Amino acid sequence: MTMRLDYVHVAPDGMMALGQVYGYILKSGLPTPLVNLVYLRCSQINGCTYCIDLHSKDLAKEGVSCQKMLLASAWREAKGVFTEKEQAALAWAEALTRLPETAAPDADFQAMKAQFSEKEIADLTIAIGLINVYNRVAVGFRRGPEGIG
């Protein structure tokens, strides 16, 4: 796949601003494996090969099993693999990524409230919005996985 546009080069300030939001999420106190699991799931939905590659590698470095990563796309059916906290986060991530179809259901928000503090919900929602922006940029400009020919 040939990249359509080197967006990092032509819009460095915009990418730096996104990077600052990414840095905020890293410092938010949310567990990094949980955030990367959400990033992976959103990227799967959006078909972003660059981000799927990146976040699956991050998850592997964090000790998350290959089985868990592979089952992220079918987490609802993977009984016993994902914690209640992870299930709530994945449901919220899917609802917000597919917002036109879901309208962010109350049930998904209630599941979040049962597992996370208000600040954690806000931060996870920001993270979901961020990865959706990154996915749209990478897919729109056809950025593929690094190091794959």
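Read the figures in this text as sums done on the coordinates, not as results from a lab. Nothing here was measured: the structure is a model prediction, and the numbers come from that model. Backbone-built Cβ (ideal geometry, glycine too); neighbour counts: all protein chains shown.
I need the trypsin sites (Lys or Arg not before Pro) found in segment 64-149, filtered to DSSP loop residues with at most 15 other beta carbons within 10 Å of theirs. Don't jump to the answer; show the numbers that get you there.
Numbers: sites: 68, 76, 79, 85, 98, 113, 119, 136, 142, 143; in loops: 76, 79, 98, 142, 143.
Taking segment 64-149 and a limit of 15 other Cβ atoms within 10 Å, the loop trypsin sites (Lys or Arg not before Pro) found are 76, 79, 98, 142.
Estimated from helices alone, the mean residue ellipticity of the chain at 222 nm is -21500 deg cm²/dmol (sum of -39500 (n - 2.57) over DSSP H runs with n ≥ 4, per residue). Sparsely packed loop sites in segment 94-149 (the chymotrypsin sites (Phe, Trp or Tyr not before Pro) outside DSSP H, G, I, E and B with at most 16 other Cβ atoms within 10 Å) comprise 141.
Restriction of the trypsin sites (Lys or Arg not before Pro) in segment 1-56 to DSSP coil positions whose beta-carbon has at most 13 other beta-carbons within 10 angstrom yields 4. Positive contributions from Lys and Arg (+1) and negative ones from Asp and Glu (-1), summed over other residues with Cβ under 14 Å from the Cβ of residue 14, come out at -1.
The residues packed around residue 55, meaning those with a beta-carbon under 13 Å from its beta-carbon, carry a net charge of 0 if Lys and Arg are +1 and Asp and Glu are -1. For the chain, the longest piece that avoids every one of the GluC sites (Glu not before Pro) found in DSSP loops with at most 11 other C-beta atoms within 10 Å covers 1-76. The phi torsions of segment 4-10, fed into the Karplus equation with coefficients 6.51, -1.76 and 1.60 and a -60° offset, translate into couplings of 6, 7, 7, 5, 5, 6, 7 Hz, rounded to whole numbers, with Gly and Pro shown as x.
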